[in-house]
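Everything on this sheet refers to the single structure shown next.
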Protein chains: 2
Amino acid sequence: MSEAVPSNLTATALASAIRRREVSAVEVVRRSLAAIDRSQSRTNAFTMIDVEGALNQATDADRRLACGRISGPLHGVPIAVKDNYLTHNLPTTAASRVLGDRPLLGEATVVSRLRQAGAIIIGKTNMHEWAYGATNEVSAYGPTRNPWNLEHITGGSSGGSGAAVAADMVTIALGSDTGGSIRIPAAACGISGIKPTYGTLSPDGLLPLSWSFDCAGPMARTAQDLAVALQIMAGVKRPERIVRTFSGVRLGVIAGRGFECATDVAARVNDAIEAIVRDGALRSSVTIVDAGHGFSMWKAIMFAEASAYHKTYLTEAPEGYAPGVRSQLEAGRCIAAIDYIAAQQFRTVFVQQVKALLESVDILVMPTLPVTAPRAGANCVTIAGRETSTQDAMTCMPWLANFTGLPAVSIPCGPGSSNLPVGMTLIGRAGSDFTLLDMAERFQALTSWHDLRPEMQ
Amino acid sequence: MSEAVPSNLTATALASAIRRREVSAVEVVRRSLAAIDRSQSRTNAFTMIDVEGALNQATDADRRLACGRISGPLHGVPIAVKDNYLTHNLPTTAASRVLGDRPLLGEATVVSRLRQAGAIIIGKTNMHEWAYGATNEVSAYGPTRNPWNLEHITGGSSGGSGAAVAADMVTIALGSDTGGSIRIPAAACGISGIKPTYGTLSPDGLLPLSWSFDCAGPMARTAQDLAVALQIMAGVKRPERIVRTFSGVRLGVIAGRGFECATDVAARVNDAIEAIVRDGALRSSVTIVDAGHGFSMWKAIMFAEASAYHKTYLTEAPEGYAPGVRSQLEAGRCIAAIDYIAAQQFRTVFVQQVKALLESVDILVMPTLPVTAPRAGANCVTIAGRETSTQDAMTCMPWLANFTGLPAVSIPCGPGSSNLPVGMTLIGRAGSDFTLLDMAERFQALTSWHDLRPEMQ
């Protein structure tokens, strides 16, 4: 790596350095591979690393650049892709043994677009098996570990992508989000991640979990990098920035039942909100009616849809699943259609409630998670004196954006009591993905929590 | 009734005669009430007749007309409304005892629009209980009978509306259509009826059967009257006529498995197609792949959604249902969510097939029913040598338009072997409702089957 180019650049800065020929794509990929070499054995972030392919793609990128041909905004930048996206060059396993000898062909639309924009797919990231869990402790490749403290989980199901960005192995990694799977590891690993408005990104080539909720999305250190990735993935031009400060922006801070959290998390999120208010935002408190029931209905829909998708695999290769995933998929087969339908109907009414809230405020704000990353192997955590499963602790807040289809970005807002990261979530109106990222970018201009990095043991 | 105004006018002609003051609204309503008086005891078409209300509304219509105030295109024209639409002036029973003492308040959007356009709601029509059947033999008000032969059924579930128009009790009647419930009685009673594109008409105030498929729609003697009613119900202006003849129109005649029919029906439909071809249409034959499976999947979705809607009623007032309706609703509770979801997914793929067909042809053509109206009390009918339930015989063709959401119009095309009417169905592209009615109108300009009337015993 050229001495002139500092380490720890964002994807945006890296792409710009490559374009200015301050550093070659081959050097950038080598540096990324070296970082993976240092961190992979400890974090287990990757299921597969394409050393040769990535170097070949980088050589090609440099050759094209020498002829003045720039593929796009990510020319020469290595990225990582969660192992539930189909990719031409690498097999897809969904971190499960089920697909073992049945390779899935093709490439996800969003992956192809990133490739066309110059990105180099350096490897596939580890995940909770089939994305059917939020701890990332269940994977045919073994659990991922949090770069901030290897005895803690990354959260999931995009935990590998979370660890890969947090430990500077790549600047951008793809996640997928059905009930928080992008935002949970983003918060737990101290990086940024967006679940776009449902339908913004093509789900084509992304293995489904629950199509009523599934969203593709990017994870990165900064909101700026998220916006670069999102515009490429969506095949749109980022609209002109509207939000330059928080002046006059009405925040609805979600409080009340279903949104209780640990004191260290509450303190960090409160500090973050105060920074936004100092920048001109107007703060009010809002409550979500029937949040507990909504959480249950989100689960019912997801369980039923996951079991529907897995019906054939479950018959043909039941031994391929981890026991917990398999038993949950089997249980989901017993959900009655009338209950699934009732859940979808409840959802329609619930969405109206949250959309109405977003007429009186501009964004909803809440902690991404009620706690910092739990210890590996802990089945339960205690939140505000109440014990809950780790799975529920991870999803009990993020589900809201999936159930309503609204865009939600998680951004780091400082370390909690055990020096583990805390994340804050902003939820915007349907279709306002880039406005939401403008706000996150403004927050990151006011603070520097996104620049904090783990010191790995 | 003024001697100058002939009987048997269409709604369009009647409205125009009223506007020209050749006949008063009161006279028109009286004539409608006299026709009901003659035919109601034999056909049992109505569940409720609002003699006083209709005469009051007519008096009011005449008074407004005298001041030069015309409410709209149906000023002073009496219409009938199927008893599953909420109406301000009359109770709604869905032809069931379940709702007995729990009046449902409000008025369906499409009913309000017809009222605002000047129509007078003269009564509510009989139907298959909760629209959950296609024979119209199951109703808290007793079965309806076909004006063409009182020993035969009207088909359903909008059988009362079919009989009311066929016997000239009203010129326009509302039906609802989840698997043919408008087109089945239209065909069986020798009148016209359209199931619009799914979503064209507001379902607000129409009691649901299966919201994936439910469509409101009008029934009338002529396609022209259907178009008048449809534009009012949709709150749109009828687009300028595009189709003036069938010249160059590509017909795809549906043949093959799942679309077998009796010889008399085939002969009448073939004659009708030949009339269209003589007018310039190009005829080809098309097949629907997996039609049998589609028919089953349509049932699975409908059964599950009906059971979901009836969950509370079924617990609170199970004795209010007819035994067959109740047992079917109870059976529907056992459908698994994974099977419901698989059915919805199959439907997505199936819709693509039929939409692709509608790129190579302009309209699909088929018999509305494989047989003429079956005898009352017959549980089974024989079609092309195969015995099938009367319920399946009524729905085995019409379901196609509901499953795909496409608009479908049924128009009479002559008498079958026992002098009972035969209907032909035209299916168009999504959103092409008025074009489809243009074609039906052209057919009715070429033929006069729609003018044939039953001679009631």
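Whenever a residue of segment A:26-46 is touching a residue at least 40 places away in the same chain (Cβ under 8 Å), its partners that are in a helix (DSSP H, G or I) and small (Gly, Ala, Ser), lying with C-beta atoms within less than 6 angstrom and at least six residues away or across chains, give the pairs A:29/A:54; A:29/A:58; A:43/A:163; A:45/A:160; A:45/A:163; A:45/A:164.
Given the condition touching a Phe, Trp or Tyr at 6+ places or on another chain (Cβ under 8 Å), farther than 27 Å from residue B:211 by Cβ and of a type in the set (Val, Ile, Thr), answer yes or no: does some residue in segment A:331-340 qualify? No; the residues of segment A:331-340 include none that is touching a Phe, Trp or Tyr at 6+ places or on another chain (Cβ under 8 Å), farther than 27 Å from residue B:211 by Cβ and of a type in the set (Val, Ile, Thr).
Could you say whether any residue in segment A:245-260 is in contact (Cβ under 8 Å) with a residue 24 or more places away in the chain, touching a Phe, Trp or Tyr at 6+ places or on another chain (Cβ under 9 Å) and under 30 Å from residue A:451 (Cα atoms)? Yes: segment A:245-260 contains one or more residues that are in contact (Cβ under 8 Å) with a residue 24 or more places away in the chain, touching a Phe, Trp or Tyr at 6+ places or on another chain (Cβ under 9 Å) and under 30 Å from residue A:451 (Cα atoms). Confirm whether residue A:178 is buried (at least 24 other Cβ atoms within 10 Å of the Cβ) and polar (S, T, N, Q). Taking the combined requirement at face value, the residue satisfies it. Residues in segment A:65-94 that are touching a residue at least 40 places away in the same chain (Cβ under 8 Å), part of a loop (DSSP other than H, G, I, E, B) and either more than 22 Å from the chain's Cα centre (by Cα) or on the phi > 0 side of the Ramachandran plot (or both): A:70, A:71, A:72, A:75, A:76, A:94. The lone criterion from (1) in contact with a Gly (Cβ under 6 Å, 6 or more places away or on another chain); (2) more than 18 Å from residue A:299 (Cα to Cα); (3) β-branched (Val, Ile, Thr) left unmet by residue A:383 is number (1). Here A:406, A:364 are screened, and the one residue that is within 21 Å of residue A:343 (Cα to Cα), modelled with pLDDT of 95 or more and among the aliphatic types (A, V, I, L, M) is A:406.
Condition check for residue B:342 on (1) buried (at least 17 other Cβ atoms within 10 Å of the Cβ); (2) small (Gly, Ala, Ser); (3) at the interface with another protein chain (Cβ under 8 Å from one of its Cβ atoms): one failure, at (1).
For segment B:95-137, a tally of residues being assigned to a loop (DSSP other than H, G, I, E, B) and under 15 Å from the mean Cα position of the chain (by Cα) returns 8.
Residues checked against (1) surrounded by 23 or more Cβ atoms within 10 Å (Cβ to Cβ); (2) away from every other protein chain (no Cβ under 14 Å):
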residue	(1), (2)
A:311	no, no
A:328	no, no
A:334	no, no
A:337	yes, no
A:357	no, yes
A:364	yes, yes
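Among the residues of segment B:7-25, those that are without any contact (Cβ under 8 Å) to a residue 60 or more places away in the chain, in contact with a helix residue (DSSP H, G or I) (Cβ under 8 Å, 6 or more places away or on another chain) and not in a helix (DSSP H, G or I) comprise B:21, B:23, B:24.
Scanning segment A:146-179 for residues that are under 12 Å from the mean Cα position of the chain (by Cα), part of a loop (DSSP other than H, G, I, E, B) and more than 18 Å from residue A:36 (Cβ to Cβ) yields A:155, A:156, A:157, A:178, A:179.
If you check residue B:21 against the conditions, is it of a type outside the set (A, V, I, L, M, F, W, C) and more than 27 Å from the chain's Cα centre (by Cα)? In short, yes. Of everything in segment A:6-63, what is surrounded by 17 or more Cβ atoms within 10 Å (Cβ to Cβ) and β-branched (Val, Ile, Thr)? Give them in sequence order. Hits for segment A:6-63 are A:10, A:12, A:18, A:23, A:26, A:28, A:29, A:36, A:43, A:47, A:49. Give the residue, chosen from B:299, B:311, that is of a type in the set (Lys, Arg) and within 22 Å of the chain's Cα centre (by Cα). B:299 is the lone residue from the list that is of a type in the set (Lys, Arg) and within 22 Å of the chain's Cα centre (by Cα).
Table: residues versus (1) among the basic types (Lys, Arg); (2) in contact (Cβ under 8 Å) with a residue 24 or more places away in the chain.
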site: B:372; (1), (2): no, yes
site: B:376; (1), (2): no, yes
site: B:381; (1), (2): no, no
site: B:386; (1), (2): yes, yes
site: B:400; (1), (2): no, yes
site: B:403; (1), (2): no, yes
site: B:406; (1), (2): no, yes
site: B:409; (1), (2): no, yes
site: B:422; (1), (2): no, yes
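Tell me, yes or no, whether segment A:423-434 has at least one residue that is at pLDDT 95 or above, surrounded by 22 or more Cβ atoms within 10 Å (Cβ to Cβ), in contact with a helix residue (DSSP H, G or I) (Cβ under 7 Å, 6 or more places away or on another chain) and polar (S, T, N, Q). Yes: one or more hits. I'd like to check something: does segment A:275-291 contain any residue that is under 30 Å from residue A:333 (Cβ atoms) and assigned to a helix (DSSP H, G or I)? Taking every residue of segment A:275-291 in turn, at least one turns out to be under 30 Å from residue A:333 (Cβ atoms) and assigned to a helix (DSSP H, G or I).
Can we say residue B:374 is away from chain A (no Cβ under 14 Å) and in contact with a Ser or Thr (Cβ under 8 Å, 6 or more places away or on another chain)? For residue B:374, the condition - away from chain A (no Cβ under 14 Å) and in contact with a Ser or Thr (Cβ under 8 Å, 6 or more places away or on another chain) - is met.
Considered as a group, the residues in segment A:313-326 that are buried (at least 17 other Cβ atoms within 10 Å of the Cβ) and part of a helix (DSSP H, G or I) include one that is farthest from the other protein chains (Cβ to nearest Cβ), and that residue is A:320. Quick one: is residue A:384 more than 14 Å from every other protein chain (Cβ to nearest Cβ) and in contact with a His (Cβ under 6 Å, 6 or more places away or on another chain)? For residue A:384, the condition - more than 14 Å from every other protein chain (Cβ to nearest Cβ) and in contact with a His (Cβ under 6 Å, 6 or more places away or on another chain) - is not met.
Determine whether residue A:300 is under 30 Å from residue A:142 (Cβ atoms) and touching a helix residue (DSSP H, G or I) at 6+ places or on another chain (Cβ under 6 Å).
no
When we screen B:243, B:228, B:265, B:236 for residues that are β-branched (Val, Ile, Thr), outside any loop (DSSP other than H, G, I, E, B) and over 17 Å from the mean Cα position of the chain (by Cα), the only hit is B:265. Take residue A:296 and decide whether it is farther than 30 Å from residue A:332 by Cβ and either within 14 Å of another protein chain (Cβ to nearest Cβ) or hydroxyl-bearing (Ser, Thr, Tyr) (or both). Answer is no for this residue. Restricting segment A:239-260 to residues that are small (Gly, Ala, Ser) and at pLDDT below 95, the residue that is nearest to residue A:386 (Cα to Cα) is A:258.
For (1) within 14 Å of chain A (Cβ to nearest Cβ); (2) closer than 23 Å to residue B:404 by Cβ; (3) of a type in the set (A, V, I, L, M); (4) crowded, with 18+ Cβ neighbours inside 10 Å, each residue gets a yes or a no:
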site	(1), (2), (3), (4)
B:267	no, no, yes, no
B:274	no, no, no, no
B:282	no, yes, yes, no
B:292	no, yes, no, no
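The values are calculated or read from the model by the stated rules, or taken from the named source; none is laboratory data. Nothing here was measured: the structure is a model prediction, and the numbers come from that model. Because the Cβ atoms are built from the backbone with ideal geometry, glycine has one as well, and the counts that use them run over all protein chains shown.
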